[in-house]
Amino acid sequence: MLFATAATLFAQERDVSKWIEIPCPKDAQSAEGALWNYRANYSKHEWRVFLDGQKVCAVLTTQTNFATREVPKFTPEAENFHRAAATLKVSDGWLVGFNRGEWGGALYWFNPDGTAKYRISEHQIVDFVETSNRIFAIEGLAHLGLSEGSIISISQSSNQGPWQVTTQCRLPQAPRAIVQHSDGSWLLVLSDSFVSATPDGKIKTIVQNARWRSLYPNSMVLSGDVNTVCVGMRQFVAKITLKNGTVSFFVPDRSYLNQLPKEDEDGIRNVYGK
């Protein structure tokens, strides 16, 4: 009975449609707006979203090493890079992106068993994106007052030739996650906004001044009806309505909401005004 109850609770926790909405104060510069942000920023919970059939689900990143695609059996390392940010299996081995934030990044090719490699570029890879016949990646950096990035195309000049990179389009800020829409466009969560992009580089802003800059979005899925996207991040899963850019924030229940010590909250209220 206990096992069955635990399994039911876990299933409910995963299913984002059963979560509750937590209102976000409209004025980010108000005391309540600042408190909302600080509480979430210091949360120990971070959600990664995925699709289970047509159902949008989420798991805590601390609960699982959630892999959305095949990963190499070897541990990719190069120069001072010891942890891959993203990997992609290709015909002659692996594309591996490293991203150490303000300490730099690089895109590498490795052979199938990892015994040979070469540097392709110095891009700070966030994730790879595949279409039916092309490979892309999102790359960039958000640090202090800097936020920049791009979508790059990765290809071989000939069969088994060296891999090379060209810039597909520049992005207004650093990217955090990307999905492809059924109409062929891309939807991108950026450090400070949410945009769509066409393969020829046309950018359309859907959400400006997004409230997730310090919540570090890490994943995104498109709903089955293609009307909304869900974004995993620290403390919340955000739902974005594509038609009007409305953003809502959800948790499984209020026990997942972080609370700050009273003296910290009082200090924030004194700074921003009661």
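For this structure, a couple of remarks:
- Residue pairs whose Cβ atoms lie under 9 Å apart, separated by 6 or more positions or on different chains, with the first residue in segment 29-51 and more than 22 Å from LYS262 (Cβ to Cβ) and the second in a strand (DSSP E or B) and basic (Lys, Arg), are GLU46/ARG234; TRP47/ARG234.
- Qualifying residue in segment 120-128 (condition: part of a loop (DSSP other than H, G, I, E, B), among the hydroxyl-bearing types (Ser, Thr, Tyr) and over 15 Å from the mean Cα position of the chain (by Cα)): no
- Single residue of SER158, SER193 found to be free of Cβ contacts under 8 Å to residues at least 12 places away in the same chain and over 16 Å from ASN99 (Cα atoms): SER158
- Among the candidates ARG69, ARG100, ARG14, ARG83, the residue that is open to solvent by less than 70 Å² (accessible area, probe 1.4 Å), modelled with pLDDT under 95 and among the basic types (Lys, Arg) is uniquely ARG14.
- Some residue of segment 74-85 being within 15 Å of ALA137 (Cβ to Cβ) and not in a loop (DSSP other than H, G, I, E, B): yes
- Scanning segment 243-274 for residues that are open to solvent by 40 Å² or more (accessible area, probe 1.4 Å) and either among the aliphatic types (A, V, I, L, M) or within 22 Å of VAL195 (Cβ to Cβ) (or both) turns up LYS243, ASN244, THR246, VAL247, VAL271.
- ILE240 vs. criteria surrounded by 12 or more Cβ atoms within 10 Å (Cβ to Cβ) and farther than 17 Å from CYS24 by Cα: no
- Identity of the residue in segment 136-147, surrounded by fewer than 18 Cβ atoms within 10 Å (Cβ to Cβ) and assigned to a strand (DSSP E or B), that ends up nearest to the chain's Cα centre (by Cα): HIS143
- Output for segment 148-160, where each listed residue is among the aliphatic types (A, V, I, L, M) and either under 18 Å from ILE206 (Cβ atoms) or assigned to a loop (DSSP other than H, G, I, E, B) (or both): ILE151
- Number of the exception - GLU130 against (1) without any contact (Cβ under 8 Å) to a residue 40 or more places away in the chain; (2) open to solvent by 30 Å² or more (accessible area, probe 1.4 Å): (1)
The values are calculated or read from the model by the stated rules, or taken from the named source; none is laboratory data. If you're wondering where the values come from, they're calculated on a predicted model, not measured in any experiment. As a convention, Cβ positions derive from the backbone with ideal geometry for all residues, glycine included, and neighbour counts pool all protein chains shown. Just so you know, the surface numbers come from the protein's heavy atoms only, side chains and all, with ligands and any DNA or RNA stripped out. Shrake-Rupley method; radii C 1.70, N 1.55, O 1.52, S 1.80 Å.
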